[in-house]
Amino acid sequence: MNRFHRWCCQSDHWKRKLETEILPWSLNGIKLRDQVLEIGPGPGLTTDWLRGRCGYITCLELDAGMAHALSQRTANTNVIVRVGDATAMPFRDRTFSFVLSFTMLHHIPSSGLQDRLFQEAYRVLKPGGAFVGADSTSSFRMRLFHIADTMTTIDPEKLPARLQTAGFEDVKLDAKGGRFRFSAMRPDSDP
């Protein structure tokens with residue numbers, strides 16, 4: 001992330017937007033249980049909101065510095081932080097009940113790697129588990145915000161087919177105000 005982006009993602013303004021708009025909308029109707037994996041938490045503002053709503057949460061963050069800071073800040077809580085790549089997750093198959101992704105998918109450098117992330121999310125989910133998240137759509141403001149930064153936005157209309165290709169069923173998608181939310185299930189009967 002560029003310096004401005006890092007600053008914004010740690011700001012009080014962004015924290016309020018996450019807590020009052022993005023996360024409640026994204027998780028509306030979702031009851032989190034134990035074995036939650038959050039991918040790409042960055043500075044952990046989403047983690048702070050989530051940790052009071054689930055038993056245990058594992059965070060997977062690519063940036064070692066951010067992971068270390070989040071680990072230090074959440075020491076002796078229900079949060080475990082690991083450094084790793086969401087396109088090659090360091091977890092066993094069928095480990096988590098939920099995989100969560102908030103405003104980070106556009107930081108994956110290509111649609112092929114995004115598809116690999118979807119496959120990995122499917123792999124680490126238990127049968128009956130859900131992949132849930134939200135991200136931003138392309139806009140002039142979004143492009144300005146990501147100058148000298150990675151930005152590969154997802155076309156919300158194409159996301160259901162991409163998730164189904166990864167094996168997910170019961171894909172739900174909703175878009176509003178420059179954002180989209182999604183949920184997708186790994187089938188209960190999956191061998």
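Every number here is computed from the coordinates shown, using simple stated rules; none is lab data. Only a predicted model underlies this, so the values are computations on that prediction, with no experimental measurement involved. Backbone-built Cβ (ideal geometry, glycine too); neighbour counts: all protein chains shown.
Listed values, structure above:
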{"read-out": "Among 119-132, 61-74, 43-56, 165-178, the order from most to least packed when residues are scored by Cβ within 10 Å on average", "value": "119-132, 43-56, 61-74, 165-178"}
{"read-out": "Three-way shape label, the stretch 17-61, alpha-carbon gyration tensor, a/c 1.5", "value": "oblate"}
{"read-out": "R0 of 22 Å, Cβ-Cβ distance Asp12-Ala161: FRET efficiency to nearest 0.05", "value": "0.05"}
{"read-out": "Prolate/oblate/rounded label for the stretch 1-132 (Cα gyration tensor, a/c 1.5)", "value": "rounded"}
{"read-out": "For the stretch 80-141, size of Cβ-based charge dipole, Lys and Arg +1, Asp and Glu -1, in debye", "value": "160 debye"}
{"read-out": "Partners for Lys158 among lysines (Cα-Cα distance below 18 Å; same-chain residues under 8 apart left out)", "value": "Lys172, Lys176"}
{"read-out": "Label-to-label distance, nm, for residues given as Ala175 and Lys126 (7 Å Cα→Cβ offset)", "value": "3.4 nm"}
{"read-out": "Potential lengthening between Asp188 and Arg33 on full extension [0.36 nm per residue; Cα-Cα distance subtracted]", "value": "54.2 nm"}
